[in-house]
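Input: a single structure, listed below in structure tokens.
The values are calculated or read from the model by the stated rules, or taken from the named source; none is laboratory data. Source: prediction; values computed, not measured. Here the Cβ positions follow ideal geometry from the backbone for every residue, glycine too, while neighbour counts run over all protein chains shown. The area values use the complete protein model at the heavy-atom level, side chains included, leaving out ligands, DNA and RNA. Shrake-Rupley method; radii C 1.70, N 1.55, O 1.52, S 1.80 Å.
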Amino acid sequence: MKATIEHKGHTFQVDLSQPIDISIPLKNGANNPTAWYVPKVKMEPVVIGDWVGEVKQGGSVNFFNIAFNPHGHGTHTECVGHISKEKYSVNQCVKKFFFTAEVKSVTPQLKGEDQVITLESIQKNWTATEAIVIRTLPNSKNKLCRQYSNSNPPFLQKEAAHFLKEEGVKHLLIDLPSIDKEVDGGVLAAHHAFWNHPENTRFESSITELIFVPDEVVDGSYLLNLSFAPFDNDASPCRPTLYKIC
Ligand SMILES: [Zn+2]
């Protein structure tokens, strides 16, 4: 299924039957990427009296409750409501779902005890785009179930987040649990810089964390479909997909 896209004076084609899924599936139990000390994901059948919501236990249907945390487990998209006093919902803020995107691989630089994604690494071979998909190197498959709590994962220099804002990048996707340092005293400098909050808040912008970009996906230009569940919450689980531009 081929589509021809006209966008800002350019025309390109994508094959909608060939999505590249860059989300991480959420599973029952501990085998998920996990951050911020949240307990493991729980998917359990509802029990009402004698009735169990699981066919293999004699129920008529499978009918499960799920307990998880959108920030702490798996791929999620968040809006400025993550850092604002006022409550904002990602479902209210992000109302468009297709964007031009650049996949960019970066190697975090060691600075003291930190691994930092620098402004220079983001600026290198810069191409204007609506969304940036940051793949950190090395790109091990254990990102699919890494336990990030108390591990001081790599993060984005606030100058790099500021640069992305200045360049008009609306959506930032990254394969880490946060664009900020795990323990930063609550400053969240990169989140604030990217959303330009509270100075002139970019409500329509989003940050998507804990993606996984497979090695086969080469750096360069794609069409992004940023889709998430319509939770009225600052963050929601999501399934971003990329389409190669042909
Ligand atoms: Zn988050």
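Structure values in brief
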item	result
Projected label distance in nm at Val183 and Lys27, using a 7 Å step from Cα toward the beta-carbon	3.0 nm
Antiparallel DSSP beta bridges within the chain, as percent of all bridges there, nearest 5	70 percent
Global size of the range 1-90 as Cα Rg and Dmax, reported in angstrom	20.1, 63
Residues in the range 1-24 that a label on Lys96 would reach, taking backbone N under 17 Å of a point 7 Å out along Cα→Cβ	5-12
Gaussian network model of the chain, Cα within-10 Å springs - most flexible of Gly220, Gly49, Gly59	Gly49
Accessible-area composition of the range 75-234, carbon plus sulfur, in percent [1.4 Å probe]	52 percent
Net charge of neighbours whose Cβ lies under 9 Å from the Cβ of Ala35, counting Lys and Arg as +1 and Asp and Glu as -1	-1
Paramagnetic label zone (point 7 Å from Cα along Cα-to-C-beta, Ala67; backbone N under 20 Å) in the range 2-44	26-44
Linear extension gain, Val46 paired with Asn152, 0.36 nm per residue minus alpha-carbon span	34.4 nm
Top of Glu209, Glu167, Glu182 by mean-square fluctuation, Gaussian network on the chain, Cα under 10 Å	Glu167
Candidates Leu210, Leu173, Leu119, ranked by Gaussian network fluctuation over the chain, Cα under 10 Å, top entry	Leu119
Relative contact order (%) - criterion: Cα under 8 Å, at least six apart; region: the chain	29 percent
Per residue convex hull volume, Cα atoms of the range 44-198, in Å³	178 Å³
Lysines whose Cα lies under 28 Å from that of Lys158, excluding same-chain neighbours fewer than 8 positions away	Lys85, Lys87, Lys95, Lys96, Lys104, Lys111, Lys124, Lys141, Lys143, Lys170, Lys181
All Cα pairs of the range 121-207, percent lying beyond 22 Å	28 percent
Relative contact order (%) - criterion: Cα under 8 Å, at least six apart; region: the range 73-186	26 percent
Per residue accessible area in Å² of the range 168-246, where ligands, DNA and RNA are left out and the probe is 1.4 Å	38 Å²
Overall Cα dimensions of the range 52-124, principal axis frame, Å, largest first	59, 30, 30
